[in-house]
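Below: the structure, in structure tokens.
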Amino acid sequence: MTAPTATPTDVPTADARLHRDAPPPGLPAPVRPTQVGIVHLGIGAFHRAHQAVVTEEAALATGDVLWGILGVTQRSGSVRDQLRPQGGVYTVLTVGPDGASARVVGSVTDVAWPAEETPRVLATLAAPTTHVVTLTVTEKGYSRGADGGLDVGSVRADLDALAREERVAEPGDGAAAASAVGLLVRGLAARRRAGGAPLTVLSCDNVADNGRVLAALVGQAVDAALPGADGDDLRAWLAASVTFPCSMVDRIVPATTTAQRDEVEALLGARDEGLVVAEPFLQWVVEDRFAGPRPAWERGGATFTDDVAPYERAKLRLLNGAHSLLAYAGSLAGYATIAEAVADPVLAARARALQGDAIATLDAPDGIDLATYAEQLLERFANPATGHTTRQVAMDGTQKIPFRWGGTLADRLADRSAGGDPPTGVVTALAAWAGFVVEEVRAGRPVDDPRAEELRALVESADDDGAAVRALVRLPGLLPGIRPDTDGRDPLDQLADAVAADLVAATRAGVTS
């Protein structure tokens with residue numbers, strides 16, 4: 001996936017800029033798509049180091065240049081402002097134990113910001129040359145409420161715009177999209193009005209059963225915006241012409257540093273404002289359920305399967321689960337990075353305990369030994385070049401925990417006999433998260449979480465830290481699928497006590513700061 005390291009050139013002048021029309025010497029030329037075939041929602045660093053790279057590799061392997069990507073940046077115009085002056089190209093710097101290598105990627109043709117360019121995005125979603133929509137908008141980008149369904153209030157502006165657009169049968173009334181789901185549904189409706197060519201919508205986020213989750217949210221949005229007969233035509237077209245495959249993605253993509261930008265500038269002879277950094281490992285497993293044409297992603301390293309679920313569960317519970325535990329426990333112990341945290345034998349042992357709980361709930365995908373896979377994950381976390389910070393990974397805990405730890409917990413509790421102890425690894429993970437939240441609130445720091453105000457209120461209203469931890473564990477929606485024991489007892493009561501006790505023990509042992 002990576003090109004050989006190029007020989008550095010003279011340091012360029014300040015106004016030199018990487019551009020598609022002036023590829024740097026010493027590196028293979030990037031692909032040059034002739035049209036947009038993919039619209040990607042959420043074009044952050046991860047997409048540029050993952051799906052865009054696989055798309056690039058597929059184009060280079062096949063010569064098919066019909067799969068250019070229009071990236072859509074959700075939160076700000078920064079990625080657009082980085083890539084548009086460069087003709088869409090950017091560098092991926094791959095860093096691993098054996099050193100670093102760089103390549104320039106050309107599969108992204110341009111980036112649009114809905115705050116200023118919603119009509120353009122809608123028109124591209126409706127274009128017959130567009131066959132695939134992909135998404136990496138993070139867990140909170142799906143606008144879900146605590147019950148997992150669509151938070152209608154958070155997408156109301158887009159739903160109102162959709163209703164207006166359906167009445168006048170135009171691709172957009174100029175209203176800027178305010179949410180990824182709202183933008184997607186408006187684009188789907190515009191596509192139906194434009195002739196209704198089939199379309200595949202492919203979620204690439206760390207959400208369990210992500211394609212089916214997204215399909216349900218789209219359906220709920222249509223029902224809310226166009227109730228009853230008003231939405232019948234759109235619902236019928238969605239059922240007949242749009243598919244929502246599931247997928248699983250994996251690559252560690254840390255934040256790019258100024259030093260790395262300077263390093264690549266010296267290497268290329270040009271400044272790359274869109275530089276992304278990634279580890280060598282890359283995995284993409286895709287459910288083979290497409291409504292129409294697609295890139296030959298298998299030629300770029302993707303795996304196609306009839307069932308993504310075993311891969312997805314293994315990744316969410318073993319990789320993402322351990323990643324989150326190390327983030328919270330590492331932050332409490334004073335470590336700035338995941339690599340530092342996993343190097344602590346006590347924290348590594350806690351991560352292995354959580355992985356052990358998870359392995360007991362998993363069916364291994366074909367050809368994968370789960371114990372070996374779990375250990376390889378910890379080795380990947382230990383790569384200091386990735387620079388993943390504990391606080392970065394600790395973001396949005398209430399959105400991540402239901403999938404990363406909640407599924408393991410629910411499955412383990414369902415299998416245990418009444419009265420058995422909660423699984424040790426999950427208990428230590430929850431203790432790390434709860435302790436992290438309590439520490440942030442007590443220190444007066446903002447908790448970076450969509451439910452931050454709820455978390456703060458629970459901690460501040462508790463009589464002591466133990467009560468705060470118990471209340472956090474019982475936060476509605478945090479641990480779905482937990483059912484009463486056969487004798488009627490609520491496992492969350494026992495779990496909350498175990499988590500509080502574990503946090504006290506960890507503090508006394510010096511595991512937390």
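Summary of values
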item: Per residue solvent-accessible surface (Å²) - region 291-340, probe of 1.4 Å; result: 31 Å²
item: Calculated P(r) tail over 21 Å for region 88-173, as whole % of Cα pairs; result: 55 percent
item: Cβ-based net charge around Arg299, under 14 Å, with every Lys or Arg adding one and every Asp or Glu removing one; result: -3
item: Hydrodynamic radius of region 271-428 per Kirkwood, over alpha carbon pairs, in Å; result: 17.1 Å
item: Accessible-area ranking of Trp113, Trp67, largest first, probe 1.4 Å; result: Trp113, Trp67
item: With DNA, RNA and ligands ignored, accessible area of Asp306 (1.4 Å probe; Å², nearest 10); result: 140 Å²
item: 222 nm mean residue ellipticity, helices alone, for the chain (DSSP H n ≥ 4; -39,500 (n - 2.57); rounded to 500); result: -13000 deg cm²/dmol
item: Pairwise label distance in nanometres, Arg474 with Ala505, each label 7 Å out on the Cα-Cβ vector; result: 2.2 nm
item: Cα pair distances exceeding 14 angstrom across region 350-405, given as percent; result: 66 percent
item: Asp230 - accessible surface, heavy atoms, 1.4 Å probe, Å² rounded to 10; result: 110 Å²
item: Computed E for Asp262/Ala343 - FRET, C-beta separation, R0 35 angstrom, nearest 0.05; result: 0.80
item: Dmax and Rg, reported as Rg then Dmax, of region 339-476 (C-alpha, Å); result: 16.3, 51
item: Largest to smallest accessible area among Asp415, Asp490, Asp307 [probe 1.4 Å]; result: Asp415, Asp307, Asp490
item: Approximate shape of region 237-360 as ellipsoid semi-axes (Cα gyration tensor, √5λ), whole Å, largest first; result: 32, 27, 11
item: Accessible area (Å², 1.4 Å probe, nearest 10) - Thr386; result: 10 Å²
item: Sites Asp233 and Thr62 - FRET efficiency at Förster radius 25 Å, r taken between beta-carbons, to 0.05; result: 0.10
item: Three-way shape label, the chain, alpha-carbon gyration tensor, a/c 1.5; result: oblate
item: For region 150-245, diffusion coefficient by Stokes-Einstein and Kirkwood Rh (Cα), 4 °C, 1.567 mPa s, µm²/s; result: 97 µm²/s
item: Convex hull volume of region 35-139 per residue (C-alpha atoms, cubic angstrom); result: 111 Å³
item: Accessible carbon and sulfur surface of the chain relative to its total accessible area, %, 1.4 Å; result: 52 percent
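The values are calculated or read from the model by the stated rules, or taken from the named source; none is laboratory data. A quick note: this is a predicted structure, and the numbers were derived from the prediction, not measured. Every residue, glycine among them, receives a Cβ derived from its backbone with ideal geometry; neighbour counts consider all protein chains shown. Quick note on the areas: whole protein, heavy atoms, side chains included, nothing else; ligands and nucleic acids left out. Shrake-Rupley method; radii C 1.70, N 1.55, O 1.52, S 1.80 Å.
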